[in-house]
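Here is the structure we will look at.
The values are calculated or read from the model by the stated rules, or taken from the named source; none is laboratory data. It should be emphasised that the depicted structure is a prediction, and the values quoted were computed from it without experimental measurement. A quick note on method: Cβ atoms are made from the backbone with ideal geometry, for glycine too, and the neighbour counts reach across all protein chains shown. Side chains included, ligands, DNA and RNA excluded: accessible areas come from the protein's heavy atoms. Shrake-Rupley method; radii C 1.70, N 1.55, O 1.52, S 1.80 Å.
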Amino acid sequence: MALALVGICTGVASGRTQVTCSFPSGQQPQPTEYFVSLADNASHLAHVSIRFPQASGPITLYMPVWNALYQVRDFAANVENVHAQSSSGKAVALLQTKTSEWQIIPSDPCVVVEYDIHLNVEGPFGAQLSAEHGFFNWAMVLMYSPATRVQKMSVQFLDVPPAWSLHDVHVMGEASPGKVEQAVGIAANYDQLVDSPAEVGIFQHFVFQEDGATYHIVVHASPSDYDSAKLEDILRRITHAELDWMADRPFDTYTFLYHFPRGHGAGGMEHAYGTAIDLNAQRLNSNMMPVASVSAHEFFHLWNVKRIRPQSLEPIDYQGIMDTRALWFSEGLTSTVGDLMLVRAGLYGERQYLDRVASEISELQLRPAHRWQSVEESSLDAWFEGNAFYRTPERSISYYNKGEVVGVLLDLRIRQLTNGHKSLRDLFRWMNDNYAKKGLFFPDSDGVQQAAETITGQSFAEFFRDYVAGVRKLPYNDFFSFVGLQVAETTVRYPTPGFTTSTNLGGQPEVATVETNREAERNGIAVGDRILQLNGKPASQNMDYEMSRMREGATVKFRVAGRSGERNVKLKLVAREEQAFVLQDMPAISPEQRAHRDAWIRGDDENGGVQ
Ligand SMILES: [Zn+2]
C-alpha cells in the first residue's frame, strides 16, 4: 500500500523497492525526495534513491565531508554504484567530478539518482544499519544539491523489517511496526533534515509531560541494563531546571534518544529538538550520574549552539572545515551550565559540584599545552582531534575543559562586579533574547564579551584578552574568594598500569603515552595500540579513571590490538603521584560569601530573582 502511494515499483530481481518517476495523484512532490531502502540491513548497506521531480537543468550533488564531529571524515568513501535514470527508465549521464561531487545532466524533467552506502559506524556521531537496527545521521547518508538544499524536501524509508518501529528527533516523527514505510518526513531544508537523526529498530519508548512540553525517551538497549523510572525522574528534573533557568521553552516536543551498548560507547550529540546519547551499559548499572551529566549538557545545547549560535558556524559548509574560535563558549560553557543544572535539579550536592570544578581545574593545569595554546586556538584546532598525537597533553588543551573553567570564572566575575545581582544566567538570557529569538548569530567571542559588558555595565576586555584569547595564568583565588573558596594544591597518589589512553569517535581507547621503564613498556605496549578490554569487559573512555580507583599492586588484564594483532597483556598497577587541585573553604567565611556561594551553585541571582 505504502509503495503505491509514492510512485514506486517493487524491483523483483533485487528484492528491493525501485523508485521511479511516476507520481501518485494528490501528493505534492517536493523539489528533492529521498527514499532509503533497508532491504540489505544485515550487510550494512542502505540503498538511497533521490528523486528530482522537476529538474530544470544540470544537477550537482555533494556528499558532506564532515558532520556531528568537527572532523573531516569524507562520507563519500562509503558510497558505491552511483547512477541515474530518467522517467522513461533510461540511464542518465552522470559524472563524478570531485571526491564528494557528482554532475548529472537530466534528459527530461524527472530524474532519479541511486547509490548504495555502507553504514556501520555506531554511536551518536555515526550512521549505522545492521540486522539489529538503523541509526541515521542524514548528512552521512544523503547527498544534497546546492540548488535545492534550502528548499523543502521529503524522506521516507522502504523495505523496513516488519518488526521495526521508527522514531526520529523532529522531521519524521514516530511509526509503529508495519507503518514505518508510510511515514513521510518533510523537512524545511537540508540543514533541518540532517539535524533530525532517525532510529529504526526494536526499542523502548516512554513519554512524559513536564512544563507544558512532551518528552520522548527512546532507548535501544536491553531493558535490564537500566532503570527506566529513574531515567525519567532524572530527565524531568533536568529539563525543568533548565527551562526555568532560561525562562524559555522554544519547543513543544523533545526527544532523548539513547543507546546503551554492552560494548564501548560514550558521547552525546545535540540537535535542536533532541539529542542522541550513547553510554556503556555496564556503567549505568551502578550509577545514573553519567547519563544525567551527558543529558544535562546535551539538553542545554538546544539553546547554546543550536539557537544561540556563533556566526562562524553559519551558513554550514558541508564541504570543508569551518574555522571557529567559539567552541570554548558553545561547548565549554554548555558544560559549565550543565553542571550547575545538576545542582539545581537536586542531583548534585555542593561538595560534588565543587569536586567537579576542581577536577576540571586539575585537568587543565596538568596539560602542559595550557601555557601556550589559548582556548580560542584549541577551538580552531578542534578539527585535529582525530589525530592521536594532537590529543596528547603536550600538544593541546581541550576547549571543553578550559571552556568550562573559563565559564565558571566568567560567572564569578559577573557576580563579583554586580555583588551577586547578575550572573551567567543573565548572560545566556540576554544572548537568547538578542540573537536566538531574533534569528541572528552572535559574533563569536566578541558577542559573548559584549553580552557580559551589557549586563554588568563594566569592561571585560582584560578577561577576554587574557583568558580567552590569551594564555595568562588563571588567578583562581581572585575569582573564588567571592564565594569563600580557595584553590589549594595537593598531591594525589593513584594506581596506574604505566600508560594513559585517549579516545576519539566511538569511545575506543587508544594508548596515548607510555611511561619509560615500567612493566607496560617492557610488555610492548605502544602509543596508538587500541585497548579492547579491561578485565574481560569492553574498555571505555573512562578506563584510566576506573584503574585509578583500583588498588595498588592489583593485576589487571587487557586485550590489546597493536601492530602485530590482538593479544592479552597482564600488568600490575603501580603508584603514580601527581599534582592536583582542590577547592576548599577560606579560613573564615562571611555570611555574604556564604550567600554568594549558595546562589552561585544553584545558578540564581541574588536580587530576589529578577526574571
Ligand atoms: Zn556538547
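Structure notes:
- Check on Pro24, at pLDDT below 95, under 28 Å from Met269 (Cβ atoms) and open to solvent by 10 Å² or more (accessible area, probe 1.4 Å): no
- Cβ-Cβ contacts under 7 Å between residues 6 or more apart (or on different chains), taken from a first residue in segment 304-323 that is closer than 18 Å to Ala272 by Cα and modelled with pLDDT of 95 or more to a second residue that is acidic (Asp, Glu) and within 16 Å of the ligand (Cβ to nearest atom), are listed as Val305/Glu270; Lys306/Glu270.
- Only a single item in (1) part of a loop (DSSP other than H, G, I, E, B); (2) within 16 Å of the ligand (Cβ to nearest atom) is not met by Tyr348, and it is number (2).
- Residue selected from segment 351-378 under the condition of a type in the set (Asp, Glu) and away from the ligand (no atom under 16 Å from the Cβ), by the criterion surrounded by the most Cβ atoms within 10 Å (Cβ to Cβ): Glu376
- Within the set Ile414, Ile397, Ile455, the sole residue that is within 28 Å of the chain's Cα centre (by Cα) and among the β-branched types (Val, Ile, Thr) turns out to be Ile397.
- Selected residue (only one of Asp426, Asp444, Asp466 is more than 19 Å from Leu327 (Cα to Cα) and open to solvent by 10 Å² or more (accessible area, probe 1.4 Å)): Asp426
- Qualifying residue in segment 124-132 (condition: under 18 Å from the mean Cα position of the chain (by Cα), aliphatic (A, V, I, L, M) and over 19 Å from Ser87 (Cβ atoms)): yes
- Residues located in segment 585-595, provided they are in a loop (DSSP other than H, G, I, E, B) and either without any contact (Cβ under 8 Å) to a residue 60 or more places away in the chain or surrounded by 14 or more Cβ atoms within 10 Å (Cβ to Cβ) (or both): Met586, Pro587, Ala588, Ile589
- Some residue of segment 156-169 being under 19 Å from Val19 (Cβ atoms), outside any loop (DSSP other than H, G, I, E, B) and of a type in the set (Val, Ile, Thr): no
- The one condition in (1) touching a residue at least 40 places away in the same chain (Cβ under 8 Å); (2) open to solvent by less than 10 Å² (accessible area, probe 1.4 Å) that Ala84 fails to fulfil: (1)
- Answer from Phe300, Phe256 - the residue that is within 14 Å of the ligand (Cβ to nearest atom), open to solvent by less than 20 Å² (accessible area, probe 1.4 Å) and among the hydrophobic types (A, V, I, L, M, F, W, C): Phe300
- Flag for Ser295 being surrounded by fewer than 21 Cβ atoms within 10 Å (Cβ to Cβ), of a type outside the set (A, V, I, L, M) and more than 11 Å from the ligand (Cβ to nearest atom): no
- Close Cβ contacts (under 8 Å, 6 or more residues apart or on different chains) running from residues in segment 232-250 that are without any contact (Cβ under 8 Å) to a residue 40 or more places away in the chain to residues that are open to solvent by 40 Å² or more (accessible area, probe 1.4 Å) and of a type in the set (A, V, I, L, M, F, W, C) comprise Glu232/Phe206.
- Pairing each residue of segment 562-584 that is of a type in the set (Phe, Trp, Tyr) with any residue that is open to solvent by 80 Å² or more (accessible area, probe 1.4 Å), provided the two are 6+ apart or on different chains, yields C-beta distances under 8 Å for Phe581/Glu489.
- Subset of segment 384-410 [away from the ligand (no atom under 16 Å from the Cβ) and either without any contact (Cβ under 8 Å) to a residue 12 or more places away in the chain or crowded, with 24+ Cβ neighbours inside 10 Å (or both)]: Asn387, Phe389, Tyr390, Ile397, Val408, Leu410
- Residue tally, condition away from the ligand (no atom under 15 Å from the Cβ), in contact with a strand residue (DSSP E or B) (Cβ under 8 Å, 6 or more places away or on another chain) and at pLDDT below 95, over segment 260-282: 8
- Within segment 191-210, tally of residues that are under 19 Å from the mean Cα position of the chain (by Cα), buried (at least 22 other Cβ atoms within 10 Å of the Cβ) and not polar (S, T, N, Q): 6
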